[in-house]
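Taking it in order: structure first as C-alpha cells, then the write-up.
The values are calculated or read from the model by the stated rules, or taken from the named source; none is laboratory data. It should be emphasised that the depicted structure is a prediction, and the values quoted were computed from it without experimental measurement. Note that we place each Cβ from the backbone using ideal geometry, even for glycine, and neighbour counts take in every protein chain shown. Calculation scope for accessible area: heavy atoms of the full protein, side chains included, ligands and nucleic acids excluded. Shrake-Rupley method; radii C 1.70, N 1.55, O 1.52, S 1.80 Å.
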Amino acid sequence: MFVGRLVMGLGAGVAFTAPEMYACEMSPPSVRGLTSSFGELFINLGILVGYLCGWVFQPYWRVMVGVGAAIPALAILMQAVIPETPRWLLTKGRDAKAVSSLHASAHFTEERVAEQVAEIKAAIREEEATSAGAVGEMLRP
C-alpha cells in the first residue's frame, strides 16, 4: 500500500508540475512569472471547485466521478496536439522547428526570435557543462 501511495504521489507531482513548466517554456520571458502564477491559481481554484462539486453532487456521486474522469481523459487526448517547446527542439538539434515554434507561440519579431534562440542555446550549453544530471542535482546539498 505504501508503494502504491508513493507512486501516486509522484504521479500527482508530475501532473501538477509539468503543465506549469511547459507553459513557462512556451511563454515570452516578459510574462513567464505571470504564467506560473496563473498555474498555481488555477490549481487551487480546481481544488475549490472539486470540493464544491462534492457538496453539490453528494447524492449523485456517479456524476461527480464521471466528471472527474472526463477532464483527465480530455487532457490525455489534447496531448496529441500540443507542440514541443523551443528549448526541447533546440536540445534535439531542430533549430528551424524551434524558430517556427517561437514565432507561433510568442509572436516574436525575427530579431527577438534570434535573441531568444541564442539565450536558450547558451543556457543549454551551460547546463551541459556544469550539470551532473537531474538526479545528481537532487542529491547535491
#### Entry: Distance between modelled label sites at Gln79 and Arg5, nm, 7 Å Cα→Cβ extension
2.7 nm
### Task
Please work out the ratio of the alpha-carbon Rg of the chain to 2.2 N^0.38 Å and round it to two decimals.
1.34
### Task
Tell me the label-point distance for the pair Ser105, Tyr60, using the 7 Å Cα-to-Cβ offset, in nm and rounded to one decimal.
3.9 nm
## Note on the structure
Quick calc, Leu34 & Ala114: beta-carbon distance into FRET formula, R0 25 Å, rounding 0.05, result 0.55
### Query
Per residue, how much accessible area does segment 1-44 show when a 1.4 Å probe rolls over the protein heavy atoms, in square angstrom?
74 Å²
### Message
Could you work out [θ]222 nm for the chain from helices alone, using -39500 (n - 2.57) per DSSP H run of at least four and dividing by all its residues? Round to the nearest 500 deg cm²/dmol.
### Response
-26500 deg cm²/dmol
### Query
In segment 9-141, carbon and sulfur make up what percent of the accessible area (probe 1.4 Å)?
69 percent
### Query
If r is the Cβ-Cβ distance from Phe42 to Ala129 and R0 is 25 Å, what FRET efficiency results, to the nearest 0.05?
0.10
